[in-house]
Every structure is written in C-alpha cells, then in structure tokens.
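Taking it in order: structure first as structure tokens, then the write-up.
The values are calculated or read from the model by the stated rules, or taken from the named source; none is laboratory data. Computed from a predicted structure; not experimentally measured. Cβ atoms come from the backbone with ideal geometry, glycine included; neighbour counts cover every protein chain shown.
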Amino acid sequence: MSRILPGLVIASLLLAGCAGSPRAPVVDRTPGTLGAAPSVPPSQPVVAAEARADAYTVRRGDTLYAIALDHGLDYRELAEWNALADPNLIREGQVLRLNSPGAVQVRPIAGTANVIAQPLGGAGDGIKTEPRVQRLPYSEENLALLTKSGSGAKPAATPPKPEPAKPAAPASKPEPQPIAEGDDEKIEWGWPAAGRVSAGFSDPANKGVDISGKKGEPVYASAGGKVVYIGEGLRGYGKLVIVKHNNTYLSAYAHNDSILVKEQQSVVKGQKIAEIGSSGAETTKLHFEIRRQGKPVDPLKFLPAKP
C-alpha cells in the first residue's frame, strides 16, 4: 500500500501539469493567407486588370471614332486592322477586330494545373550531390588519412586582376517619351484647366468631369502622349481632342473653341493643346475624361489635389 500511494500522487501531478499547459497555436498555411495584404497609398486608385475584347459587332448609330474611344484605341489603327479605306464607312452587324492581326492575347489560365512533385537526387536521375561531411574521432590513423587525401589538392587559381573602370561619358539630356513602355499604371497626371469642377463623374450620365472656364482660356495635356483624334465626329463632345498616353490610358478634352495640335503629334504634360469653348454644349466649359482600356474612370481619383 505504501508503494501504490506515491505512484498515484506522481500520476496526479503529471495530469495537472498537462491540463495547465497552453495548447500550441494552429497556423494556417493555406497559400495566400500568410502575411498581410500590401497597403495601397490613398492617392493611387485601385483598378482591376481586365482583358480586352477581341472583336466588336457594329450597332446602329455607331461610328468608328466612338468605337475606338470606348475600347481605348486609335481609330487609325482600328481602321487599318479591319482594312477600312474610309473610317466613315462601317455598317450595322459588321464585326470589327480590336487588336492587331499579329498580336498575341495573353489571358490568365482558369484553375490550377496538377503538379507532380518528385524528390531530387534519387537513384538513376543523373543528379550529382555534394559529399557529406563526417566527423571522425582524433587518432593518429585518422590524421594520417586526412593528410594523405588532401596532399593531391591543387591550389585555387588566382582570379584575374580586374581592369580599371573607364570614366563614363557624360549623359545627354533625354528626350521626352510620350508613350510609356513600362508600367502603364504609373502616370503623373496634371489638371487640364485652371477652373473649378462644376460637374463630377457619374457614369453613364457624365463620363468625366466638367471644368468651368472662360472662352479662350488654355486647355493643357493632362499627361504626355500622342494625339490620336481631333474633330467633331463624336456626338455631344463638340470639338474634341483625344490623347493616348500608353496602351492602357486615354484622355479626352471636349467642347473646345480652338485646337492647337494635330493628329499623331506628340505632346508633353502641361502643354497647351486647345482653348476652352462651348462647341457642342450650352455653356462654356471643358469636359475632361480619363479612359482606362476605353472605360471611363473618375478623373478626380487620378488628378492631384488642387493647391
């Protein structure tokens, strides 16, 4: 009986210790759950990447200029891709391709492919592995063995002395690049006019913002790019200028009184491209739009705060 009691006491203490020990935390290692999501600066709008459509079927009342604007394209390229000698001659039901005949469309792959994992360094796979390090006890025999095996090693070759660097030639002043070839989302936008915003973005009622002004006041390019359209071919825009900034963004400047640039002309941010007017409108104003892949977005989310 005296031997049984100490055993029961020890077992009770062990059980109490297990009950009081905290449980190990459960870590979710599902892909995509590790780490916090990167923060987005409030000045940069969050936009979702969308694939462009490959074709468009012409509807009643469409013009090639409007189709190009709605898909973020240059109407000249759109006409060339569809072998249109006259951009004004399109018919209802006609299917227009929306990319170059030689373009390759890269789209995300739906689902996840099955991947078979195999260990490296298996027998017969031809993969060489480094020799393993063995710790040997000190003895005269082991010392002689190590000395003998290392006697045939060749000294490492001395690396060639590097040649002295030549002084770099003075860099010439780079020319402005109107069409960005890198990250299409990184554009430094500027205000296209000095007036106040009289009407905000409300798609589809208002696909941009209206900026008040007096007739003849300057209209500036909001960012560098190439002028891809000038004219009055889009109903409700009056005298219109469209600038293509890169493969993602266009900007449109409507109701101008006079236009100071030409089609295919490169412009830089802040360059005067037109003068405020009332063409196609009841009041004098600038209607300004930013199109991302042809879809209207709120310009106030891209423009800097006014001083």
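Would you check if there is a residue in the stretch 232-240 being modelled with pLDDT of 95 or more, touching a helix residue (DSSP H, G or I) at 6+ places or on another chain (Cβ under 9 Å) and outside any loop (DSSP other than H, G, I, E, B)? Yes, because at least one residue in the stretch 232-240 is modelled with pLDDT of 95 or more, touching a helix residue (DSSP H, G or I) at 6+ places or on another chain (Cβ under 9 Å) and outside any loop (DSSP other than H, G, I, E, B). For the subset of the stretch 221-239 comprising residues that are under 19 Å from P87 (Cβ atoms) and in contact with a Pro (Cβ under 9 Å, 6 or more places away or on another chain), which member is surrounded by the most Cβ atoms within 10 Å (Cβ to Cβ)? Among those residues, the one meeting the criterion is K226. What's the number of the condition A103 fails, among (1) surrounded by 10 or more Cβ atoms within 10 Å (Cβ to Cβ); (2) at pLDDT 85 or above; (3) out of contact with any His (no Cβ under 7 Å at 6 or more places or on another chain)? Of the numbered conditions (1) surrounded by 10 or more Cβ atoms within 10 Å (Cβ to Cβ); (2) at pLDDT 85 or above; (3) out of contact with any His (no Cβ under 7 Å at 6 or more places or on another chain), the odd one out for A103 is (2).
Quick grid of which residues meet (1) without any contact (Cβ under 8 Å) to a residue 24 or more places away in the chain; (2) assigned to a loop (DSSP other than H, G, I, E, B):
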residue	(1), (2)
Y56	no, no
D62	no, yes
Y65	no, no
L69	no, no
R76	no, no
A79	yes, no
I90	no, yes
G93	no, yes
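Go through the stretch 186-205 and report how many residues are part of a strand (DSSP E or B), touching a strand residue (DSSP E or B) at 6+ places or on another chain (Cβ under 6 Å) and surrounded by fewer than 17 Cβ atoms within 10 Å (Cβ to Cβ). Result for the stretch 186-205: 2.
Does A281 satisfy the criteria of being under 22 Å from F201 (Cβ atoms), crowded, with 18+ Cβ neighbours inside 10 Å and among the hydrophobic types (A, V, I, L, M, F, W, C)? Answer is no for this residue.
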